[in-house]
Amino acid sequence: MDLLKGAVEKGCQQYPRSLQTILSYGTAGIRMRADNLDYILYRMGLLSVMFSKFRKGQVTGLMVTASHNPAEDNGVKLIDTMGEMMPIAWEKHATQLLNVGDDKLEFSLEAIVKEEGIDINIPAVVCTAMDTRPSSVQLSKAAVDGINALGGESHNYGLLTTPQLHYIVCCINTKEQYGLPTEEGYYSKLTSAFLKFNKDKRTSKYLPGLHVDLANGVSAPKIKALKAYLNDSLEINIYNDGSSGKLNYECGADFVKVGQCPPSGIDLQQGMRCASFDGDGDRIVYFYKKKDGQFALLDGDKIATLFASFLSDLVKASGLKLNLGLVQTAYANGSSTKYITEIMKVPVACVPTGVKHLHHKAGDFDIGVYFEANGHGTVLFSDAAQKSILQQASDNSLDKDTREVAGQLITAMNMINQTVGDAISDMLLVETILAYRDWTCEDWDSAYTDLPSVLLKVKVEDRTIVKTTDAERKTTSPPGLQEAIDQLMAGYKFGRAFVRPSGTEDVMRVYAEADTKENANKLAYEVGLQVYDLARGIGDKPQLPA
Ligand SMILES: CC(=O)N[C@H]1[C@@H](OP(=O)(O)O)O[C@H](CO)[C@@H](O)[C@@H]1O
């Protein structure tokens with residue numbers, strides 16, 4: 001294993017492991033806090049080469065991207081696109097490889113080779129990309145050094161959104177069946193579908209103007225590039241483009257969703273249809289001002305129901321027998337789940353937090369729509385579904401209308417980035433559906449009314465003592481916590497609450513919803529106090545949300 005030895009020796013000299021490191025493989029990839037982050041990227045470079053070899057030379061992707069939390073300046077999120085998404089089974093390797101000391105690195109690599117039966121002589125290819133943080137340049141270099149040190153071929157795509165890198169990796173691995181493996185290929189695939197669907201649109205209520213907050217992140221240059229392909233069929237007004245302002249600070253999807261308010265920079269007026277992306281372009285939420293002047297959020301749940309109802313109408317009209325399902329997490333608003341199951345009659349699955357869980361589950365359906373409430377999601381079409389839709393569209397024995405509906409499904413499929421949740425692609429599909437139905441935001445929002453909900457964070461000594469089950473909706477430890485939550489929930493109309501350790505921050509998250517905002521706040525606060533008391537809280541006790 002000279003190759004391993006060489007890679008380890010070189011790497012440990014140039015990128016020695018930091019002594020102060022906190023690492024975990026959480027909901028969104030590797031979370032890290034260290035004096036020098038470079039060594040982590042170097043090791044991820046090594047791991048992505050291993051993965052490419054494991055996949056018999058298929059291309060792997062490595063995205064250097066920041067946390068959605070602007071307060072965590074020293075925290076970095078690293079997403080391994082690994083073709084589609086890092087398989088959950090490989091997370092243990094990532095955690096292990098990143099946590100061992102320099103002296104154990106070689107041993108750790110050998111263990112992966114052995115356990116996964118990797119042929120080390122197979123050539124490996126890794127595509128890298130990064131977001132706009134100044135540190136990304138240095139971090140990408142370390143990743144590329146790691147890739148090259150293990151004999152991997154690296155292709156650096158520079159600045160991309162996370163979903164763009166996923167798309168490119170997928171195009172390469174499918175031998176361009178999915179599209180052309182370039183940024184231009186990406187814009188061209190998505191926008192051709194958008195223009196095709198919207199070419200005859202005649203709307204009176206829907207107006208093509210959209211106001212988009214880009215979180216001062218990498219989507220800003222990308223949306224500018226996209227606009228050139230849209231021929232003014234969608235007017236996009238850009239805010240928070242990074243020319244001033246800090247990444248995700250007082251802007252972006254997370255800020256808008258959690259704070260239930262517009263981002264800084266947008267002076268929200270009635271009649272404006274707005275959207276907020278997150279920093280690396282994989283989440284989107286919409287918002288607008290209601291007639292009564294209230295701020296209204298159209299979050300991932302609302303986007304999911306919009307997509308599912310649209311696709312389900314098309315499937316019904318096409319006569320195709322395809323099972324369409326929706327995947328959510330415990331954070332989905334109770335009203336959305338009720339609406340989907342009882343009114344739309346679409347099956348719903350609930351999985352643990354983190355897009356990797358939703359993505360995998362969506363594969364159980366012919367058409368699987370998945371979204372986290374925070375706006376992270378997409379739609380997957382099974383191979384069989386794609387085949388039957390394509391067949392139907394070209395079956396001349398069928399009437400023209402039926403063939404046309406199948407054609408519309410194909411166009412929608414081409415607009416969707418099926419590799420991962422993608423703010424750009426989701427935005428194009430939302431706009432298409434609103435135009436198709438000639439809907440305003442109010443029309444879209446009227447499907448169901450969200451129950452008031454609230455999110456709290458509680459600091460605890462050790463968040464790993466809290467264990468959950470039932471897709472994180474119940475705790476099994478510490479003893480007594482679930483019983484306490486059950487009792488509190490019973491005291492509120494439509495009361496629902498759960499707690500789980502965050503996978504991206506060093507906190508416990510508390511979620512509560514109830515019939516009124518005041519009750520949701522009270523329930524979250526009371527549950528927060530129980531977490532503080534029973535799970536060894538530290539620092540200030542939770543406060544009643546304002
Ligand atoms: C309540 C919430 O929004 N949790 C987010 C957040 O994870 P936590 O494990 O809750 O810290 O970040 C993840 C990555 O972006 C995202 O997948 C997830 O939905």
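We did not get these values from a lab; they are worked out from the coordinates using the rules stated. The structure presented is a predicted model; accordingly, all values stated were derived computationally and were not measured. When we count neighbours, we look across all protein chains shown, and the Cβ atoms used for this are built from the backbone with ideal geometry, even at glycine.
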Would you mind finding the longest exposed-site-free stretch of the chain, with exposed GluC sites (Glu not before Pro) meaning DSSP loop and at most 12 other Cβ atoms within 10 Å?
-> 177-460
Exposed loop trypsin sites (Lys or Arg not before Pro) only (DSSP loop, at most 10 other Cβ atoms within 10 Å): please give the longest stretch of the chain free of them, not including the sites.
-> 1-174
Charge dipole of the range 453-534 about the Cα centre (unit charges at C-beta), most positive-ward option of P479, A512, P501 = A512
Under Karplus coefficients 6.51, -1.76 and 1.60, residue-wise ³J(HN,Hα) of the range 109-117 in Hz, glycine/proline x = 5, 4, 5, 5, 4, 5, 4, 9, x
In nanometres, what is the gap between the two model label sites at K224 and K345, each 7 Å from Cα along Cα-to-Cβ?
-> 5.0
Label-point separation in nm, D103 to S477, each point 7 Å along Cα→Cβ | 3.1
Projected label distance in nm at A384 and H155, using a 7 Å step from Cα toward the beta-carbon | 3.3
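State the extension gain, in nm to one decimal, for the chain segment bounded by E518 and K467, taking 0.36 nm per residue of separation less the distance between their alpha-carbons.
On the way: separation 51, 0.36 × 51 = 18.36 nm, distance 2.84 nm.
Answer, rounded to one decimal: 15.5 nm.
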Relative frequency of Cα-Cα separations exceeding 22 Å in the range 208-298, percent | 21
Counted neighbours (other Cβ, 10 Å), sorted fewest up, put S477, S336, S108, S394 in the order S394, S477, S108, S336
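On alpha-carbon atoms, Rg over Rh for the range 133-230 using Kirkwood Rh?
1.08
Is the range 453-534 rounded, prolate or oblate when judged by the Cα gyration tensor, a ≥ b ≥ c being the square roots of its eigenvalues, rounded requiring a/c under 1.5 and prolate requiring a/b larger than b/c? Intermediate results must be reported in sequence, preceding the final value.
On the way: a/c = 1.81, a/b = 1.49, b/c = 1.22.
Judged from the Cα gyration tensor, the range 453-534 comes out prolate (a/c at least 1.5, a/b above b/c).
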Among C127, P181, M50, the residue whose Cα sits farthest towards the positive end of the charge dipole of the chain (+1 at Cβ of Lys and Arg, -1 at Cβ of Asp and Glu, taken about the Cα centre) is P181
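At 222 nm, what helix-only mean residue ellipticity would the chain give, in deg cm²/dmol to the nearest 500, using -39500 (n - 2.57) for each DSSP H run of four or more? Can you show the working numbers first?
On the way: 18 runs with 217 residues, N = 546.
About -12500 deg cm²/dmol.
Test of understanding: ordering I88, I284 by Cβ neighbours within 10 Å, fewest first, what list do you get? Don't skip to the answer; put the middle values down first.
Numbers: I88 12, I284 30.
Final ranking by Cβ density, sparse to dense: I88, I284.
For D2 and N36, what is the calculated FRET efficiency with R₀ set at 35 Å and r taken between the beta-carbons, to the nearest 0.05?
Numbers: r = 27 Å, r/R0 = 0.77.
E between D2 and N36, to the nearest 0.05, is 0.85.
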Cut-off 17 Å, label 7 Å out along Cα→Cβ of D401, residues of the range 283-325 by amide N = 313-320
Over the chain, what is the mean sequence separation of C-alpha contacts under 8 Å (at least six apart), divided by residue count, expressed as relative contact order in percent?
-> 12
Taking a ≥ b ≥ c as the square roots of the eigenvalues of the Cα gyration tensor of the chain, is the shape rounded (a/c under 1.5), prolate (a/b larger than b/c) or oblate?
-> oblate
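Based only on other Cβ atoms within 10 Å, what is the fewest-to-most ordering of V507, V256, V59, V100?
Listing V507, V256, V59, V100 from fewest to most nearby Cβ atoms yields V507, V100, V59, V256.
Taking a threshold of 21 Å on the Cα-Cα distance, which of the pairs K459/K522; K10/K56; K302/K338; K246/K356 fall above it? Please report the intermediate quantities before stating the final value.
Working: K459/K522 19 Å; K10/K56 25 Å; K302/K338 13 Å; K246/K356 28 Å.
Going by Cα-Cα distance, K10/K56; K246/K356 fall outside the 21 Å limit.
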